[in-house]
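First up is the structure itself, then whatever we jot down about it.
The values are calculated or read from the model by the stated rules, or taken from the named source; none is laboratory data. In this text, all values refer to a predicted model and were calculated from it rather than measured experimentally. Cβ sites come from the backbone with ideal geometry, for glycine too, and all protein chains shown count toward neighbours.
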Amino acid sequence: MTKNNIINFDIPLLTLDGTPFKNGDKDFTLGSVLAPIIAQSTKGDALKLFGWALSLYKKESLNLDQSDQNTMRDFIKNSEHLTILAKAQLLNTLDKS
């Protein structure tokens, strides 16, 4: 039986000194960084990835089984549009689930 995990990416993206990353009044969360990257990607299961992007944009948690977690992990690792700063925090969030 496959175990699903609820993963919340609505947590602050942190700078190198551990403070929340901001641009003016806008706070960046892991989900707000990841959602447009997923939405703009050109490879993968379009319906699944689009659903994830919408959920992340709405600040909702994702309910991922092990296969989905592996897909997300690979997506993050292989993305050329995410910085190492964001990738590390996203992967740590997945690993804690």
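Details
- Residue under evaluation Leu94, criteria (1) outside any loop (DSSP other than H, G, I, E, B); (2) surrounded by fewer than 15 Cβ atoms within 10 Å (Cβ to Cβ), criterion not met: (2)
- Among residues of region 73-90, those that are touching a residue at least 40 places away in the same chain (Cβ under 8 Å) and either under 12 Å from Phe9 (Cβ atoms) or buried (at least 16 other Cβ atoms within 10 Å of the Cβ) (or both), counted: 6
A quick yes/no check of all residues on (1) exposed (fewer than 11 other Cβ atoms within 10 Å of the Cβ); (2) more than 18 Å from Ile84 (Cα to Cα); (3) touching a Leu at 6+ places or on another chain (Cβ under 7 Å):
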{"position": "Asp10", "(1), (2), (3)": "no, yes, no"}
{"position": "Thr15", "(1), (2), (3)": "no, no, no"}
{"position": "Thr19", "(1), (2), (3)": "yes, no, no"}
{"position": "Thr29", "(1), (2), (3)": "no, no, yes"}
{"position": "Gly44", "(1), (2), (3)": "no, yes, no"}
{"position": "Lys48", "(1), (2), (3)": "no, yes, no"}
{"position": "Leu54", "(1), (2), (3)": "no, yes, no"}
{"position": "Glu60", "(1), (2), (3)": "no, yes, no"}
{"position": "Gln69", "(1), (2), (3)": "no, yes, yes"}
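- Restricted to region 31-42, and to residues there that are among the β-branched types (Val, Ile, Thr) and out of contact with any Gly (no Cβ under 9 Å at 6 or more places or on another chain), the residue that is surrounded by the most Cβ atoms within 10 Å (Cβ to Cβ) is Val33.
- Condition met for Lys48 (more than 13 Å from the chain's Cα centre (by Cα), assigned to a helix (DSSP H, G or I) and at pLDDT 95 or above): yes
- Condition check for Lys59: at pLDDT 95 or above, among the charged types (D, E, K, R) and part of a helix (DSSP H, G or I): no
- Note on region 2-52: residues that are under 18 Å from Leu94 (Cα atoms), of a type outside the set (S, T, N, Q) and in contact (Cβ under 8 Å) with a residue 40 or more places away in the chain amount to 12.
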